[in-house]
Amino acid sequence: MELEAVPFGVMVKEVLLKLDTETLCSVACVSRALRFSVSQALPLLSSLHLSAFSPDAQTLAHILYRCSGLNCLTLNCLRLDDSSLGRFLGPHLQELNLLSCSLLSYQILASIGETCPNLRVLMLELVEQESPEVFKSNLARMLSGCLYLESLCLKIRGTDVDASAFQSVQFFLPKTLRILKLHPVLEQDGIQLIKLDLEDRPHKEPLLHHDLTNNGLQSLGFCHRLTSLSLIRSRRNHQVSFKRINDMGMFLLSEGCKGLESVRLCGFSRVSDAGFASILHSCQRLKKFEVRNALFLSDLAFHDLTGVPCPLVEVRLLSCSLITSETVKKLACSRSLEVLDLCGCKSIANSCLSSISCLHRLTSVNLSGADVTNYGLSILGQGSPPITHLCIRGCKRVTDEGLSLLLHGGGTISKSLSALDLGHMPGISDKAILTIAKAGIGITELCIRYCFNVTDSSVEALAMKRRFQDESKLLRRLDLFNCIGLSVESMRSLKRPSFPGLHWLGIGHTRLTGKRTAVLTEICRERPWLTLCLDGCEMGCHDGWQFHGPDYR
(Lines give C-alpha, C1' and ligand atoms only; values in the text may rest on other atoms or scores of the structure.)
Protein backbone atom coordinates (compact mmCIF):
# COMPACT_ATOMS: atom_id res chain seq x y z
CA MET A 1 0.00 0.00 0.00
CA GLU A 2 1.34 3.45 -0.94
CA LEU A 3 1.98 5.93 1.88
CA GLU A 4 -0.44 8.42 0.37
CA ALA A 5 -3.23 5.84 0.76
CA VAL A 6 -2.81 5.66 4.53
CA PRO A 7 -5.68 7.49 6.31
CA PHE A 8 -4.68 11.04 7.23
CA GLY A 9 -5.24 10.63 10.98
CA VAL A 10 -3.28 7.38 11.11
CA MET A 11 -0.42 8.87 9.10
CA VAL A 12 -0.06 11.87 11.41
CA LYS A 13 -0.65 10.32 14.84
CA GLU A 14 0.67 6.79 14.38
CA VAL A 15 3.54 7.41 11.95
CA LEU A 16 4.80 10.97 11.63
CA LEU A 17 4.65 11.93 15.31
CA LYS A 18 6.95 9.00 16.13
CA LEU A 19 9.72 10.16 13.77
CA ASP A 20 12.66 12.42 14.63
CA THR A 21 12.99 15.87 13.07
CA GLU A 22 15.54 14.85 10.45
CA THR A 23 13.39 11.96 9.24
CA LEU A 24 10.33 14.23 9.10
CA CYS A 25 12.21 16.60 6.79
CA SER A 26 13.21 13.69 4.55
CA VAL A 27 9.63 12.42 4.42
CA ALA A 28 8.35 15.87 3.47
CA CYS A 29 10.54 15.78 0.35
CA VAL A 30 8.99 12.56 -0.97
CA SER A 31 5.70 13.96 -2.30
CA ARG A 32 3.31 16.88 -2.02
CA ALA A 33 0.80 14.80 -0.03
CA LEU A 34 3.42 13.80 2.54
CA ARG A 35 4.66 17.37 2.75
CA PHE A 36 1.13 18.43 3.70
CA SER A 37 0.89 15.63 6.29
CA VAL A 38 4.17 16.73 7.85
CA SER A 39 2.94 20.33 8.04
CA GLN A 40 -0.12 19.10 9.93
CA ALA A 41 2.02 16.99 12.27
CA LEU A 42 4.38 19.78 13.33
CA PRO A 43 1.87 21.67 15.57
CA LEU A 44 1.21 18.40 17.42
CA LEU A 45 4.85 17.80 18.34
CA SER A 46 5.54 18.10 22.06
CA SER A 47 9.34 17.99 21.73
CA LEU A 48 11.80 19.17 19.11
CA HIS A 49 15.49 18.23 18.98
CA LEU A 50 17.69 20.34 16.70
CA SER A 51 21.15 19.38 17.95
CA ALA A 52 22.51 17.72 14.79
CA PHE A 53 22.87 21.08 12.99
CA SER A 54 22.99 24.76 13.90
CA PRO A 55 20.08 26.76 12.37
CA ASP A 56 20.28 30.49 11.87
CA ALA A 57 17.61 32.82 13.26
CA GLN A 58 15.52 32.83 10.08
CA THR A 59 15.49 29.05 9.75
CA LEU A 60 14.66 28.62 13.43
CA ALA A 61 11.76 31.05 13.14
CA HIS A 62 10.48 29.16 10.12
CA ILE A 63 10.57 25.86 12.05
CA LEU A 64 9.21 26.99 15.40
CA TYR A 65 6.39 29.00 13.84
CA ARG A 66 4.80 25.69 12.89
CA CYS A 67 5.58 23.90 16.17
CA SER A 68 3.09 25.59 18.47
CA GLY A 69 2.63 22.71 20.93
CA LEU A 70 6.21 22.33 22.16
CA ASN A 71 7.06 21.83 25.82
CA CYS A 72 10.56 20.40 25.21
CA LEU A 73 13.13 22.16 23.03
CA THR A 74 16.77 21.23 22.26
CA LEU A 75 18.78 23.65 20.11
CA ASN A 76 22.28 23.95 18.74
CA CYS A 77 22.75 27.69 19.28
CA LEU A 78 26.05 28.19 17.48
CA ARG A 79 24.50 30.77 15.10
CA LEU A 80 21.93 32.26 17.47
CA ASP A 81 22.17 35.39 19.61
CA ASP A 82 19.95 36.66 22.45
CA SER A 83 17.47 38.44 20.18
CA SER A 84 16.93 35.47 17.86
CA LEU A 85 16.29 33.09 20.74
CA GLY A 86 14.35 35.26 23.16
CA ARG A 87 11.20 35.39 21.04
CA PHE A 88 10.72 31.61 21.32
CA LEU A 89 10.92 31.39 25.11
CA GLY A 90 7.70 31.18 27.09
CA PRO A 91 5.69 29.52 29.86
CA HIS A 92 4.88 26.56 27.56
CA LEU A 93 8.43 25.21 27.92
CA GLN A 94 9.11 22.58 30.58
CA GLU A 95 12.48 21.39 29.24
CA LEU A 96 15.08 23.57 27.54
CA ASN A 97 18.51 22.42 26.32
CA LEU A 98 20.70 25.08 24.69
CA LEU A 99 23.97 23.71 23.25
CA SER A 100 27.06 25.49 21.91
CA CYS A 101 25.87 28.98 22.90
CA SER A 102 28.90 30.85 21.55
CA LEU A 103 26.95 34.07 20.81
CA LEU A 104 24.58 34.19 23.78
CA SER A 105 25.32 36.57 26.63
CA TYR A 106 24.65 36.01 30.32
CA GLN A 107 21.47 38.06 29.87
CA ILE A 108 19.81 34.95 28.44
CA LEU A 109 19.75 33.54 31.99
CA ALA A 110 17.59 36.41 33.22
CA SER A 111 15.38 36.13 30.12
CA ILE A 112 14.77 32.46 30.86
CA GLY A 113 13.82 33.26 34.44
CA GLU A 114 11.38 35.97 33.35
CA THR A 115 9.67 34.06 30.52
CA CYS A 116 9.89 30.34 31.44
CA PRO A 117 8.40 29.96 34.94
CA ASN A 118 7.34 26.33 34.34
CA LEU A 119 10.75 24.91 33.44
CA ARG A 120 11.57 21.53 34.97
CA VAL A 121 14.80 20.81 33.10
CA LEU A 122 17.40 23.36 31.96
CA MET A 123 20.77 22.75 30.34
CA LEU A 124 23.02 25.58 29.09
CA GLU A 125 26.47 25.60 27.48
CA LEU A 126 27.79 29.17 27.59
CA VAL A 127 31.06 30.84 26.61
CA GLU A 128 32.78 33.19 29.05
CA GLN A 129 32.14 36.73 27.79
CA GLU A 130 31.41 39.04 30.70
CA SER A 131 32.48 39.57 34.30
CA PRO A 132 31.64 37.02 37.05
CA GLU A 133 29.45 39.64 38.73
CA VAL A 134 27.26 39.93 35.62
CA PHE A 135 26.94 36.16 35.52
CA LYS A 136 26.01 35.90 39.20
CA SER A 137 23.30 38.56 39.00
CA ASN A 138 21.72 37.00 35.91
CA LEU A 139 21.92 33.52 37.42
CA ALA A 140 20.13 34.74 40.55
CA ARG A 141 17.37 36.30 38.43
CA MET A 142 16.96 33.06 36.50
CA LEU A 143 16.72 30.87 39.60
CA SER A 144 14.28 33.24 41.30
CA GLY A 145 11.97 32.92 38.30
CA CYS A 146 12.22 29.16 37.69
CA LEU A 147 10.78 27.85 40.94
CA TYR A 148 9.96 24.33 39.71
CA LEU A 149 13.37 23.27 38.36
CA GLU A 150 14.16 19.60 38.93
CA SER A 151 17.35 19.39 36.85
CA LEU A 152 19.88 22.15 36.16
CA CYS A 153 23.09 21.84 34.16
CA LEU A 154 25.27 24.91 33.58
CA LYS A 155 28.62 24.86 31.82
CA ILE A 156 30.76 27.93 31.16
CA ARG A 157 33.73 27.58 28.87
CA GLY A 158 36.75 29.85 28.84
CA THR A 159 40.38 29.93 29.86
CA ASP A 160 39.83 32.37 32.74
CA VAL A 161 36.66 30.88 34.20
CA ASP A 162 36.76 30.95 37.99
CA ALA A 163 34.92 28.28 39.97
CA SER A 164 33.73 31.03 42.34
CA ALA A 165 31.13 31.92 39.69
CA PHE A 166 28.88 29.27 41.28
CA GLN A 167 29.97 29.89 44.87
CA SER A 168 26.65 31.34 46.07
CA VAL A 169 24.35 29.26 43.89
CA GLN A 170 22.96 27.29 46.84
CA PHE A 171 21.17 30.37 48.16
CA PHE A 172 18.90 30.50 45.11
CA LEU A 173 18.29 26.83 44.32
CA PRO A 174 14.58 25.87 44.27
CA LYS A 175 13.46 23.17 46.68
CA THR A 176 12.28 21.00 43.81
CA LEU A 177 15.83 20.53 42.44
CA ARG A 178 17.02 16.91 42.25
CA ILE A 179 19.95 17.08 39.80
CA LEU A 180 22.58 19.81 39.65
CA LYS A 181 25.62 19.81 37.35
CA LEU A 182 27.96 22.80 37.38
CA HIS A 183 31.22 23.35 35.53
CA PRO A 184 33.46 24.66 36.96
CA VAL A 185 32.53 24.45 40.66
CA LEU A 186 34.16 24.67 44.06
CA GLU A 187 34.24 21.45 46.10
CA GLN A 188 32.55 22.91 49.17
CA ASP A 189 29.64 24.26 47.13
CA GLY A 190 28.52 20.82 46.00
CA ILE A 191 28.87 18.87 49.20
CA GLN A 192 25.13 18.49 49.90
CA LEU A 193 23.99 17.56 46.41
CA ILE A 194 22.61 14.33 45.00
CA LYS A 195 24.78 14.45 41.90
CA LEU A 196 28.34 15.77 42.14
CA ASP A 197 30.33 16.57 39.01
CA LEU A 198 33.57 18.33 40.00
CA GLU A 199 36.52 19.00 37.71
CA ASP A 200 39.57 21.22 37.99
CA ARG A 201 42.42 22.00 35.62
CA PRO A 202 45.31 23.31 37.71
CA HIS A 203 48.00 25.38 36.03
CA LYS A 204 50.44 24.52 38.81
CA GLU A 205 50.84 22.09 41.69
CA PRO A 206 48.05 22.76 44.24
CA LEU A 207 49.14 23.74 47.74
CA LEU A 208 49.00 20.63 49.93
CA HIS A 209 47.04 22.23 52.76
CA HIS A 210 44.40 23.42 50.24
CA ASP A 211 44.04 20.18 48.32
CA LEU A 212 41.44 17.41 48.56
CA THR A 213 42.17 14.78 51.23
CA ASN A 214 40.82 11.50 52.56
CA ASN A 215 38.74 13.50 55.01
CA GLY A 216 37.16 15.35 52.11
CA LEU A 217 36.03 12.06 50.59
CA GLN A 218 34.77 10.91 53.97
CA SER A 219 32.60 14.04 54.24
CA LEU A 220 30.67 12.86 51.18
CA GLY A 221 29.20 10.21 53.44
CA PHE A 222 26.84 12.89 54.77
CA CYS A 223 25.23 13.02 51.29
CA HIS A 224 23.01 10.04 51.99
CA ARG A 225 21.15 10.38 48.69
CA LEU A 226 24.26 10.74 46.50
CA THR A 227 23.88 8.52 43.42
CA SER A 228 26.35 10.04 40.93
CA LEU A 229 29.92 11.15 41.66
CA SER A 230 32.50 12.58 39.25
CA LEU A 231 35.85 13.77 40.65
CA ILE A 232 38.20 14.76 37.83
CA ARG A 233 41.64 16.36 38.10
CA SER A 234 42.55 17.15 34.52
CA ARG A 235 46.16 17.06 33.32
CA ARG A 236 45.48 19.32 30.37
CA ASN A 237 47.33 22.30 31.79
CA HIS A 238 49.71 20.62 34.24
CA GLN A 239 50.74 17.06 35.15
CA VAL A 240 49.04 16.89 38.55
CA SER A 241 47.04 14.45 40.67
CA PHE A 242 45.35 14.18 44.08
CA LYS A 243 48.48 13.46 46.11
CA ARG A 244 46.76 13.48 49.52
CA ILE A 245 44.28 10.70 48.71
CA ASN A 246 45.13 7.00 48.98
CA ASP A 247 43.28 3.72 49.47
CA MET A 248 41.93 4.86 52.83
CA GLY A 249 40.07 7.71 51.15
CA MET A 250 38.42 5.24 48.77
CA PHE A 251 37.50 2.95 51.65
CA LEU A 252 35.83 5.85 53.46
CA LEU A 253 34.02 6.93 50.29
CA SER A 254 32.71 3.46 49.51
CA GLU A 255 31.47 2.93 53.06
CA GLY A 256 29.75 6.30 53.27
CA CYS A 257 28.20 6.36 49.79
CA LYS A 258 26.94 2.85 49.19
CA GLY A 259 24.05 4.13 47.07
CA LEU A 260 26.31 5.32 44.25
CA GLU A 261 25.17 4.29 40.77
CA SER A 262 27.78 6.20 38.77
CA VAL A 263 31.45 6.87 39.61
CA ARG A 264 34.01 8.78 37.50
CA LEU A 265 37.53 9.25 38.87
CA CYS A 266 40.61 10.82 37.35
CA GLY A 267 43.90 11.90 38.91
CA PHE A 268 44.03 9.44 41.83
CA SER A 269 47.62 8.40 41.26
CA ARG A 270 48.17 7.02 44.79
CA VAL A 271 45.12 4.75 44.92
CA SER A 272 45.80 1.06 44.30
CA ASP A 273 43.68 -1.97 43.42
CA ALA A 274 42.34 -2.27 46.97
CA GLY A 275 40.88 1.25 46.92
CA PHE A 276 39.16 0.91 43.56
CA ALA A 277 37.92 -2.59 44.34
CA SER A 278 36.25 -1.32 47.52
CA ILE A 279 33.90 0.78 45.38
CA LEU A 280 33.01 -2.19 43.16
CA HIS A 281 32.24 -4.38 46.16
CA SER A 282 30.48 -1.84 48.41
CA CYS A 283 28.27 0.05 45.94
CA GLN A 284 25.70 -2.60 45.09
CA ARG A 285 23.77 -0.33 42.70
CA LEU A 286 26.82 0.71 40.69
CA LYS A 287 26.09 0.80 36.94
CA LYS A 288 28.77 3.15 35.60
CA PHE A 289 32.43 2.89 36.62
CA GLU A 290 35.12 5.08 35.04
CA VAL A 291 38.75 5.50 36.05
CA ARG A 292 41.36 7.51 34.16
CA ASN A 293 45.13 7.68 34.51
CA ALA A 294 45.32 5.31 37.48
CA LEU A 295 48.99 4.32 37.77
CA PHE A 296 48.37 1.44 40.19
CA LEU A 297 45.08 0.05 38.88
CA SER A 298 45.67 -3.47 37.61
CA ASP A 299 43.80 -6.70 36.87
CA LEU A 300 43.75 -7.51 40.61
CA ALA A 301 41.00 -4.94 41.24
CA PHE A 302 38.67 -7.03 39.05
CA HIS A 303 39.89 -10.43 40.20
CA ASP A 304 36.74 -11.50 42.03
CA LEU A 305 33.93 -9.86 40.09
CA THR A 306 31.77 -12.96 40.43
CA GLY A 307 31.02 -11.83 43.97
CA VAL A 308 30.28 -8.25 42.99
CA PRO A 309 26.52 -7.55 43.24
CA CYS A 310 26.52 -4.35 41.15
CA PRO A 311 24.85 -4.56 37.71
CA LEU A 312 27.62 -2.89 35.68
CA VAL A 313 26.36 -1.33 32.46
CA GLU A 314 29.25 0.98 31.56
CA VAL A 315 32.95 0.46 32.31
CA ARG A 316 35.64 2.91 31.18
CA LEU A 317 39.28 2.30 32.09
CA LEU A 318 41.23 5.01 30.28
CA SER A 319 45.02 5.13 30.03
CA CYS A 320 45.42 2.59 32.81
CA SER A 321 48.71 1.01 31.74
CA LEU A 322 48.54 -2.07 34.01
CA ILE A 323 45.16 -3.27 32.73
CA THR A 324 45.41 -6.34 30.48
CA SER A 325 43.07 -8.76 28.72
CA GLU A 326 42.52 -10.58 32.02
CA THR A 327 40.38 -7.67 33.27
CA VAL A 328 38.16 -7.90 30.20
CA LYS A 329 37.68 -11.62 30.76
CA LYS A 330 36.54 -10.90 34.32
CA LEU A 331 34.20 -8.13 33.16
CA ALA A 332 32.55 -10.55 30.76
CA CYS A 333 30.72 -12.07 33.72
CA SER A 334 28.62 -8.87 33.83
CA ARG A 335 26.03 -9.75 31.20
CA SER A 336 24.40 -6.32 31.51
CA LEU A 337 27.49 -4.53 30.13
CA GLU A 338 26.67 -2.12 27.28
CA VAL A 339 29.74 0.16 27.11
CA LEU A 340 33.38 -0.95 27.36
CA ASP A 341 36.00 1.77 26.92
CA LEU A 342 39.65 0.71 27.18
CA CYS A 343 41.22 3.70 25.43
CA GLY A 344 44.98 3.79 26.01
CA CYS A 345 45.18 0.36 27.67
CA LYS A 346 47.98 -0.91 25.45
CA SER A 347 48.15 -4.40 26.95
CA ILE A 348 44.68 -5.36 25.71
CA ALA A 349 45.13 -8.08 23.07
CA ASN A 350 43.26 -10.62 20.95
CA SER A 351 42.87 -13.07 23.83
CA CYS A 352 39.97 -11.10 25.37
CA LEU A 353 37.94 -10.52 22.21
CA SER A 354 36.16 -13.86 22.52
CA SER A 355 34.89 -12.68 25.91
CA ILE A 356 33.73 -9.40 24.40
CA SER A 357 31.90 -11.31 21.67
CA CYS A 358 29.80 -13.06 24.31
CA LEU A 359 28.35 -9.83 25.73
CA HIS A 360 24.95 -9.77 24.06
CA ARG A 361 24.06 -6.22 25.19
CA LEU A 362 27.34 -4.56 24.27
CA THR A 363 26.82 -1.54 21.99
CA SER A 364 30.03 0.52 22.35
CA VAL A 365 33.66 -0.68 22.35
CA ASN A 366 36.81 1.45 22.45
CA LEU A 367 40.08 -0.43 21.87
CA SER A 368 42.14 2.62 20.96
CA GLY A 369 45.85 1.80 21.15
CA ALA A 370 45.25 -1.87 21.98
CA ASP A 371 47.48 -4.68 20.72
CA VAL A 372 44.79 -6.30 18.57
CA THR A 373 45.31 -7.75 15.08
CA ASN A 374 43.30 -8.81 12.06
CA TYR A 375 42.57 -12.10 13.81
CA GLY A 376 41.03 -10.21 16.71
CA LEU A 377 38.71 -8.32 14.37
CA SER A 378 37.66 -11.60 12.79
CA ILE A 379 36.46 -12.72 16.24
CA LEU A 380 34.41 -9.53 16.63
CA GLY A 381 33.09 -9.99 13.12
CA GLN A 382 31.60 -13.37 14.04
CA GLY A 383 30.18 -12.30 17.39
CA SER A 384 26.63 -11.50 18.45
CA PRO A 385 26.93 -8.17 20.35
CA PRO A 386 24.94 -5.38 18.63
CA ILE A 387 27.96 -3.04 18.57
CA THR A 388 27.06 0.38 17.15
CA HIS A 389 30.26 2.28 18.06
CA LEU A 390 33.73 0.78 17.54
CA CYS A 391 37.03 2.61 17.98
CA ILE A 392 40.29 0.86 17.03
CA ARG A 393 42.28 4.07 16.62
CA GLY A 394 46.02 3.50 16.75
CA CYS A 395 45.78 -0.31 16.45
CA LYS A 396 48.80 -0.48 14.16
CA ARG A 397 48.70 -4.24 13.60
CA VAL A 398 45.29 -4.05 11.90
CA THR A 399 45.26 -3.84 8.09
CA ASP A 400 42.73 -3.79 5.27
CA GLU A 401 42.21 -7.52 5.74
CA GLY A 402 41.03 -6.95 9.30
CA LEU A 403 38.24 -4.61 8.16
CA SER A 404 37.12 -7.20 5.63
CA LEU A 405 37.02 -9.89 8.30
CA LEU A 406 35.09 -7.57 10.62
CA LEU A 407 32.35 -6.67 8.14
CA HIS A 408 32.14 -10.00 6.30
CA GLY A 409 32.30 -12.27 9.34
CA GLY A 410 28.57 -12.97 9.41
CA GLY A 411 28.07 -11.56 12.92
CA THR A 412 25.72 -8.87 14.18
CA ILE A 413 28.23 -6.02 13.91
CA SER A 414 28.08 -5.97 10.10
CA LYS A 415 24.55 -4.56 10.35
CA SER A 416 24.58 -2.80 13.73
CA LEU A 417 27.78 -0.73 13.35
CA SER A 418 27.06 3.00 12.88
CA ALA A 419 30.28 4.74 14.05
CA LEU A 420 33.80 3.53 13.22
CA ASP A 421 37.12 5.15 14.18
CA LEU A 422 40.19 4.03 12.19
CA GLY A 423 42.41 7.02 12.98
CA HIS A 424 46.21 6.75 13.15
CA MET A 425 46.30 3.34 11.42
CA PRO A 426 49.09 3.01 8.82
CA GLY A 427 47.73 -0.35 7.62
CA ILE A 428 44.48 1.17 6.34
CA SER A 429 44.28 2.04 2.65
CA ASP A 430 41.70 2.52 -0.10
CA LYS A 431 40.91 -1.20 -0.04
CA ALA A 432 39.54 -0.98 3.52
CA ILE A 433 37.49 2.13 2.72
CA LEU A 434 35.96 0.39 -0.30
CA THR A 435 35.00 -2.49 2.00
CA ILE A 436 33.32 0.00 4.35
CA ALA A 437 31.47 1.68 1.50
CA LYS A 438 30.13 -1.64 0.23
CA ALA A 439 29.62 -3.68 3.40
CA GLY A 440 29.24 -1.09 6.18
CA ILE A 441 25.59 -0.50 5.44
CA GLY A 442 24.80 1.12 8.81
CA ILE A 443 27.91 3.27 9.16
CA THR A 444 27.04 6.98 9.38
CA GLU A 445 30.21 8.25 11.15
CA LEU A 446 33.70 7.42 9.91
CA CYS A 447 37.05 8.68 11.18
CA ILE A 448 40.17 7.97 9.10
CA ARG A 449 42.37 10.82 10.32
CA TYR A 450 46.12 10.27 9.94
CA CYS A 451 45.54 7.38 7.51
CA PHE A 452 48.34 8.31 5.11
CA ASN A 453 47.61 5.56 2.57
CA VAL A 454 44.08 6.76 1.85
CA THR A 455 43.72 8.49 -1.53
CA ASP A 456 41.05 10.11 -3.70
CA SER A 457 39.65 6.66 -4.49
CA SER A 458 38.41 6.38 -0.90
CA VAL A 459 36.46 9.64 -1.10
CA GLU A 460 34.95 8.53 -4.41
CA ALA A 461 33.96 5.17 -2.91
CA LEU A 462 32.32 6.80 0.11
CA ALA A 463 30.44 9.16 -2.18
CA MET A 464 28.98 6.06 -3.84
CA LYS A 465 28.12 4.34 -0.52
CA ARG A 466 24.33 4.57 -0.83
CA ARG A 467 24.42 3.23 -4.39
CA PHE A 468 26.16 -0.03 -3.52
CA GLN A 469 23.23 -1.24 -1.39
CA ASP A 470 19.74 0.22 -1.21
CA GLU A 471 19.49 -0.21 2.56
CA SER A 472 22.84 1.49 3.20
CA LYS A 473 22.58 4.58 5.40
CA LEU A 474 24.00 7.98 4.48
CA LEU A 475 27.27 9.22 5.94
CA ARG A 476 26.64 12.02 8.45
CA ARG A 477 30.17 12.71 9.71
CA LEU A 478 33.53 12.13 8.01
CA ASP A 479 36.96 12.92 9.46
CA LEU A 480 39.78 13.20 6.88
CA PHE A 481 42.19 15.24 9.01
CA ASN A 482 45.82 14.87 7.91
CA CYS A 483 45.01 12.36 5.17
CA ILE A 484 47.96 13.60 3.14
CA GLY A 485 47.29 11.14 0.30
CA LEU A 486 44.24 13.14 -0.82
CA SER A 487 44.61 15.55 -3.72
CA VAL A 488 42.58 18.64 -4.55
CA GLU A 489 40.81 16.58 -7.21
CA SER A 490 38.85 14.77 -4.49
CA MET A 491 37.00 18.03 -3.89
CA ARG A 492 34.79 17.12 -6.83
CA SER A 493 33.48 14.12 -4.91
CA LEU A 494 32.40 16.40 -2.05
CA LYS A 495 30.10 18.52 -4.19
CA ARG A 496 26.42 17.87 -4.71
CA PRO A 497 24.78 15.46 -5.35
CA SER A 498 27.39 13.28 -3.60
CA PHE A 499 27.28 12.87 0.20
CA PRO A 500 23.68 14.14 0.50
CA GLY A 501 23.45 13.48 4.24
CA LEU A 502 26.81 14.91 5.34
CA HIS A 503 26.60 17.22 8.40
CA TRP A 504 30.26 17.43 9.46
CA LEU A 505 33.51 17.17 7.51
CA GLY A 506 37.05 17.44 8.89
CA ILE A 507 39.62 18.32 6.21
CA GLY A 508 42.37 20.10 8.16
CA HIS A 509 46.02 19.49 7.19
CA THR A 510 45.08 18.17 3.75
CA ARG A 511 45.53 19.53 0.25
CA LEU A 512 41.81 20.23 0.25
CA THR A 513 42.40 23.41 2.25
CA GLY A 514 45.57 24.62 0.60
CA LYS A 515 44.10 25.61 -2.76
CA ARG A 516 40.85 26.30 -4.54
CA THR A 517 39.21 28.06 -1.62
CA ALA A 518 36.48 29.05 -4.08
CA VAL A 519 35.47 25.38 -4.28
CA LEU A 520 35.20 25.23 -0.49
CA THR A 521 33.03 28.32 -0.57
CA GLU A 522 30.85 26.73 -3.21
CA ILE A 523 30.46 23.55 -1.14
CA CYS A 524 29.43 25.58 1.91
CA ARG A 525 26.91 27.51 -0.17
CA GLU A 526 25.45 24.28 -1.57
CA ARG A 527 25.29 22.68 1.88
CA PRO A 528 24.25 25.29 4.48
CA TRP A 529 24.01 22.65 7.23
CA LEU A 530 27.52 21.27 6.65
CA THR A 531 30.12 22.12 9.29
CA LEU A 532 33.60 22.22 7.75
CA CYS A 533 36.36 21.81 10.32
CA LEU A 534 39.83 22.95 9.28
CA ASP A 535 41.44 22.87 12.73
CA GLY A 536 41.80 19.17 13.50
CA CYS A 537 39.02 18.99 16.09
CA GLU A 538 37.54 15.62 16.95
CA MET A 539 34.51 14.48 15.02
CA GLY A 540 31.36 16.47 15.65
CA CYS A 541 32.95 19.74 16.77
CA HIS A 542 31.01 22.92 16.07
CA ASP A 543 33.43 25.64 15.03
CA GLY A 544 35.75 24.95 17.93
CA TRP A 545 33.07 24.53 20.59
CA GLN A 546 34.41 21.14 21.62
CA PHE A 547 37.96 20.65 22.81
CA HIS A 548 40.58 19.08 20.56
CA GLY A 549 40.52 15.44 21.59
CA PRO A 550 39.92 13.61 24.88
CA ASP A 551 41.86 14.63 27.94
CA TYR A 552 43.38 11.22 28.76
CA ARG A 553 46.98 12.36 28.94
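Note on the range 455-495: residues that are under 17 Å from H424 (Cα atoms), open to solvent by 10 Å² or more (accessible area, probe 1.4 Å) and aliphatic (A, V, I, L, M) amount to 1. There is no residue in the range 475-489 that is of a type outside the set (V, I, T), at pLDDT below 90 and either in a loop (DSSP other than H, G, I, E, B) or within 23 Å of L420 (Cβ to Cβ) (or both). Out of curiosity, is L104 of a type outside the set (D, E, K, R) and either under 25 Å from the mean Cα position of the chain (by Cα) or assigned to a helix (DSSP H, G or I) (or both)? It is true that L104 is of a type outside the set (D, E, K, R) and either under 25 Å from the mean Cα position of the chain (by Cα) or assigned to a helix (DSSP H, G or I) (or both). Filter the range 419-443 down to the residues that are open to solvent by 30 Å² or more (accessible area, probe 1.4 Å) and either among the charged types (D, E, K, R) or assigned to a loop (DSSP other than H, G, I, E, B) (or both) and list them by number. Scanning the range 419-443 gives H424, P426, D430, K431, K438.
So is H203 out of contact with any Ser or Thr (no Cβ under 7 Å at 6 or more places or on another chain), modelled with pLDDT under 90, farther than 28 Å from L177 by Cβ and in a helix (DSSP H, G or I) or not? Walk me through it before giving the result.
On the way: out of contact with any Ser or Thr (no Cβ under 7 Å at 6 or more places or on another chain): yes; modelled with pLDDT under 90: yes; farther than 28 Å from L177 by Cβ: yes; in a helix (DSSP H, G or I): no.
No, not satisfied.
Within the range 260-275, restricting attention to residues that are small (G, A, S) and assigned to a loop (DSSP other than H, G, I, E, B), the residue that is nearest to the chain's Cα centre (by Cα) is G267. Only one of H210, H203 is without any contact (Cβ under 8 Å) to a residue 24 or more places away in the chain and of a type outside the set (F, W, Y); which? One residue alone meets the criteria, H210. If you check S105, S137, S144 for being touching an Asp or Glu at 6+ places or on another chain (Cβ under 7 Å) and either among the small types (G, A, S) or modelled with pLDDT of 90 or more (or both), only one passes: S105.
The values are calculated or read from the model by the stated rules, or taken from the named source; none is laboratory data. Everything numeric here is computed off the predicted structure, so don't read it as measured data. Cβ sites come from the backbone with ideal geometry, for glycine too, and all protein chains shown count toward neighbours. In case anyone asks, the SASA skips ligands and DNA or RNA and just uses the protein heavy atoms, side chains included. Shrake-Rupley method; radii C 1.70, N 1.55, O 1.52, S 1.80 Å.
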